[in-house]
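The next block holds one structure in the form of structure tokens; read it before the comments.
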Amino acid sequence: MKIELGKEAVSAEEIARSCKGRIIRGGSASVPVSSVSTDSRDACPGSLFLAIPGAKTDGHLYISAAAAAGASAVLCEREPEGDTGNTAVILTDSTVAALGRFAAKYGRGSCRKRIAVTGSVGKTATKEMTYSVLSASGSSAFRSEGNLNSVIGMPLSFLSARAGTEYGVFEMGLGQTDEISAMSRICRPDIAAISVLGNSHIGNVGSRERLAFEKLSVRDGLSASGRLLLPAGEPLFADAVRGDPRAMTFSVRGKAGIYAENIMTDGEKTRFDAVCPEYGRHICGLELGVPGIHNVSNSLVAVASGIILGLDDETIRAGLEAYRPVKLRLQFLDIAGARIVNDCYNASPESMKAAFAVLKDLYTERTGEGSAPRRIAVLGDMYELGDRAIDLHREVGMCYAESGGDYLITLGRLADAIAVGASERIPEDRIFRFPEISTLDAPAKLLAGLIRPGDLVLIKASRAVGAERIAEYLKKTAGE
């Protein structure tokens, strides 16, 4: 990974000072740095190479390679063993922590107003919707690209924001404890939002209570005059709602600080009104180009951000209408006469259930057009669920069956529990289990032979499963 600094180049000496490190070897303290890299293969003159210890490898092993490639500086937490030539070596206590300190100082003036988004599910969609709304204002806007939402990725994203940008939207994911707090302190947001509190990453922190605590730490860097956007009705956020005057709730199921009403969907688009009593706003006729009540909930963060930052109704409306989901997230494909919902970017119990609701909306819409379509789901493993993994997979299977699913194909060993949960309502001869996922040829061929024109097919799993290979196979065999 490599990013270009969004503002002017800085010297190795300035980097060392801002990250509380010291130059211990080689190079000139005034050597300019204009890019940052986590991969020695991307190192070049003008770049800072980050030597980060990891689970699979240790960046310190590649310091000499980065220096040989011409890196102007290296940030590390122990002295290199090999030759580093003229590369300035900056030693610090922790490369990741030092990156955060550097990003906090360098990126402070890049975005005048900053929004931080986290949550168990929906944070990327919420980030993209918020960015779309703020971009519609005509002012410059920036958002973290892709999934640069980790304690490494988010600071890199912050460093790459252009000078003079009006709005910056930054996604923050939970890897380990204290990481969201650290990212919030780097970003110093004016608005901090939690999309949903679910079960994703519960295996990393141990309990849902601890998960709520970690998510709420997004407010640790929140300005005193900032706003904290929280989903209404979540018991584990109740104390924050009552005790933090910056808190503002959002809801799709009743009144809140901002809430949606008159929600309607045709299975592909969703329309609703947004009401925000505190700011005296009632915005009618909002439209999203995606289905699902969960997307309406995500969009309320974007609408609230626009309202808080002073955008008018028409700008907010135009921004939501311009939103398009990112690749592999709720993509609709028409293959061989069947409607494929390709939602393979990631999965959690909550996002699985939301996808079933979308499938149900599509079913309702198509049933009104004639004969009822069959619903087929290809569901894979969900990771980082800890001790509750089997129970949560089984619960997802039960939910799919209760939503009216007709056929089920499971991918992975954990997903076998999805099949178990679904088997209470779906006949065993309509359930197909594939525990081995190194290749997905067998389930892809089965699905290709199973589907027929008019069917509705959902494909969803955690990213590591690679379930998008199923959709690619279908397109290839259909000649599309």
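The values are calculated or read from the model by the stated rules, or taken from the named source; none is laboratory data. These figures come from a predicted structure and were not determined experimentally. Don't worry about glycine lacking a Cβ; one is built from the backbone with ideal geometry, like all the others, and counts go over all protein chains shown. Keep in mind that these areas ignore ligands, DNA and RNA; they rest on the heavy atoms of the full protein, side chains included. Shrake-Rupley method; radii C 1.70, N 1.55, O 1.52, S 1.80 Å.
Computed quantities for the displayed model
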read-out: Region 262-387, relative contact order [Cα under 8 Å, separation at least 6], %; value: 22 percent
read-out: Two-decimal Rg to Rh for region 334-447 - Kirkwood Rh, Cα set; value: 0.95
read-out: Extension gain (nm, one decimal) between residue 220 and residue 279, 0.36 nm per residue minus Cα-Cα; value: 18.8 nm
read-out: Extent along principal axes [Cα atoms of region 1-142; Å; largest to smallest]; value: 50, 33, 25
read-out: Nearest-ten-degree value, helix 95-106 long axis tilted from longest Cα axis of the chain; value: 80 degrees
read-out: Mean-position separation - Cα centroids, region 298-376 and region 16-67, in angstrom; value: 42 Å
read-out: Dipole-positive endmost among 241, 440, 405 within the chain (Cβ charges, Cα centre); value: 241
read-out: Residue pairs, from the table 127/327; 255/327; 2/215, whose Cα atoms sit over 26 Å apart; value: 255/327; 2/215
read-out: Backbone HN-Hα couplings from phi across region 324-329 [Karplus 6.51/-1.76/1.60, Hz, Gly and Pro as x]; value: 9, x, 6, 3, 6, 10
read-out: Contact order relative to length of the chain, as percent, for alpha carbon pairs under 8 angstrom and 6 or more apart; value: 11 percent
read-out: Placed amide H near residue 229: partners under 5 Å, 5+ positions off or other chain; value: 192, 193, 194, 248
read-out: Extension gain from residue 55 to residue 68, taking 0.36 nm per residue of separation minus the Cα-Cα distance; value: 2.2 nm
read-out: Region 10-27 - phi-based ³J(HN,Hα) in whole Hz, Karplus 6.51/-1.76/1.60, Gly and Pro as x; value: 10, 7, 4, 5, 5, 5, 4, 5, 6, 9, 6, x, 9, 7, 10, 7, x, x
read-out: Using a Förster distance of 25 Å, the FRET efficiency for residue 81-residue 39 (Cβ separation, nearest 0.05); value: 0.80
read-out: From phi via Karplus (6.51, -1.76, 1.60), per-residue ³J(HN,Hα) for region 409-420 in Hz, x at Gly/Pro; value: 10, 10, 10, x, 6, 5, 5, 4, 5, 5, 4, 4
read-out: The chain: calculated mean residue ellipticity at 222 nm from DSSP helix runs of at least 4, using -39500 (n - 2.57); value: -10000 deg cm²/dmol
read-out: Cα→Cβ-extended label distance, 7 Å offset, between residue 213 and residue 324, nm; value: 4.4 nm
read-out: Check: region 171-233 dipole with +1 on Lys, Arg Cβ and -1 on Asp, Glu Cβ, in debye; value: 140 debye
read-out: Listed residues 203, 256, 103: farthest to the positive end of the dipole of the chain (Cβ charges); value: 103
read-out: Probe 1.4 Å, protein heavy atoms only - accessible area per residue of region 93-252 in square angstrom; value: 32 Å²
read-out: Protein accessible area in region 278-388, 1.4 Å probe - carbon and sulfur %; value: 48 percent
read-out: Calculated FRET efficiency for the pair residue 336/residue 264, C-beta based, R₀ 25 Å, to 0.05; value: 0.25
read-out: Size of electric dipole in region 1-122: Cβ of Lys, Arg +1 and of Asp, Glu -1, about Cα centre, debye, nearest 20; value: 680 debye
read-out: Rounded tilt (10° steps) of 389-402 against the dominant C-alpha axis of the chain; value: 40 degrees
read-out: Estimated distance in nm for a label pair at residue 365 and residue 464, the labels positioned 7 Å out from Cα along Cα-to-Cβ; value: 3.4 nm
read-out: Between helix 441-450 and the chain: long-axis angle, C-alpha atoms, 0 to 90°, nearest 10; value: 30 degrees
read-out: Only Lys, Arg (+1) and Asp, Glu (-1) charged, at Cβ; the chain dipole about Cα centre in debye; value: 580 debye
read-out: FRET efficiency, 1/(1 + (r/R0)^6) with R0 35 Å, evaluated for residue 477 and residue 177 via beta carbons; value: 0.15
